Amino acid sequence: MPEHESTGQHGSPAREVAAFLRRRAEQISQRWADEPLFRTVFTVSRDEAVEAGRIVVDALAQVADTDQVHDPDAAGFTVVREQLSRMGAARSRAGFTTAQVSNDVDALRPPVENLLVADLPDEPTELVRDCTTALTVLMGTMRLVVLETALSEGQALIERQRLQLMEVATPVIKLWDGIVAVPLIGTLDSARSQVVMETLLEAVVDQHARFAILDITGVPTVDSLVAQHLMKTVAAARLMGAECVVSGIRPAIAQTIVHLGLDLGTVITRASLADALAYALHELGANIINATPGGAGHR
């Protein structure tokens, strides 16, 4: 008597695949343990890769039992998402593209398919074809589940890198005791303007700064929303006990501010970072001396 039963006794090809997966779980997990998706994640112990494979095979069998091999939201795929998606996410974080992760997942199908065909040597061709089709759909849905998580991980990584770049592109420099400056370069948007405000206020507290200079010499343009953010930054700095000086307003930006009807009358502005620093030093009571060929003299 064959080890398995026909679909006439068991039902749908999907359920026949479920029975096959449970019978051959050990062989499948052993073969998967040598595939790149498992091998590069479970580098310490091969036994861990085999155990993870068993968990995935059992979860796939649960999905096949419900005849929902095409549904990525089927209950059994929750375990698959936790196991394989974690591996796919690890591959994404390691720099592998979505296409490479997809190929890694797709490489899990041939070993299972070969075992399935070998497991049905005496069954009708139609049954073998239907079971193979059900298995292909099941493995394809599994790949979709993994790719969804890999894409989400990739998007999260991009977002983290974007925030890190904004922080790096918004350095706070201590120019003097009580004076900090933020030299801004590049396009300002609402998100970056918010980072500027948070970074500057933290520096004001940490450095006990009395003056904070916002230098926008390297900013090509300013729209109304960004200008409002700058005004809010100035107001917030004052609430923290620091006077905010805006320097480097170029002619094009000055015209934009005028056309927008924004009132900067309460904001201290200077033509350059050097002028802003000189103003802050003067307010702190520091004497600035220029070296001249004839000797030193007061500025």
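The values are calculated or read from the model by the stated rules, or taken from the named source; none is laboratory data. These numbers come from a predicted model, not from an experiment. For neighbour counting, all protein chains shown are included, and Cβ atoms are generated from backbone atoms with ideal geometry for every residue, glycine included. Keep in mind that these areas ignore ligands, DNA and RNA; they rest on the heavy atoms of the full protein, side chains included. Shrake-Rupley method; radii C 1.70, N 1.55, O 1.52, S 1.80 Å.
Of the residues in region 107-128, how many are more than 19 Å from residue 25 (Cα to Cα), surrounded by 13 or more Cβ atoms within 10 Å (Cβ to Cβ) and either acidic (Asp, Glu) or out of contact with any helix residue (DSSP H, G or I) (no Cβ under 8 Å at 6 or more places or on another chain) (or both)? So the count comes out to 1.
Restricting to region 251-269, name every residue that is loosely packed, with under 10 Cβ neighbours inside 10 Å and hydrophobic (A, V, I, L, M, F, W, C). So that I can check it myself, show each step before the final result.
Start the filter on region 251-269 by keeping residues that are loosely packed, with under 10 Cβ neighbours inside 10 Å, which leaves 251, 259, 261, 263, 265-266.
Those that are loosely packed, with under 10 Cβ neighbours inside 10 Å and hydrophobic (A, V, I, L, M, F, W, C): none in region 251-269.
What are the residues in region 60-90 that are at pLDDT below 75 and touching a Ser or Thr at 6+ places or on another chain (Cβ under 7 Å), if any? Passing the criteria: 81, 85, 88, 89.
If I ask for residues that are assigned to a strand (DSSP E or B) and either among the small types (Gly, Ala, Ser) or open to solvent by 50 Å² or more (accessible area, probe 1.4 Å) (or both), which ones from region 203-241 would you list? First the steps, then the outcome.
Start the filter on region 203-241 by keeping residues that are assigned to a strand (DSSP E or B), which leaves 211-218.
Within region 203-241, 212, 217, 218 qualify.
The residues of region 116-138 that are without any contact (Cβ under 8 Å) to a residue 60 or more places away in the chain and closer than 19 Å to residue 57 by Cα, listed by number, are 117, 118, 132, 136. For region 246-268, a residue qualifies if it is over 35 Å from the mean Cα position of the chain (by Cα) and at pLDDT 90 or above, and exactly one does: 268.
Of the residues examined, residue 285 is not one that is in a loop (DSSP other than H, G, I, E, B), within 38 Å of the chain's Cα centre (by Cα) and within 22 Å of residue 176 (Cβ to Cβ). Among the residues of region 258-267, at least one is without any contact (Cβ under 8 Å) to a residue 24 or more places away in the chain, farther than 23 Å from residue 179 by Cβ and acidic (Asp, Glu). The set of residues in region 167-216 that are within 21 Å of the chain's Cα centre (by Cα) and of a type in the set (Gly, Ala, Ser) comprises 169, 190, 191, 193.
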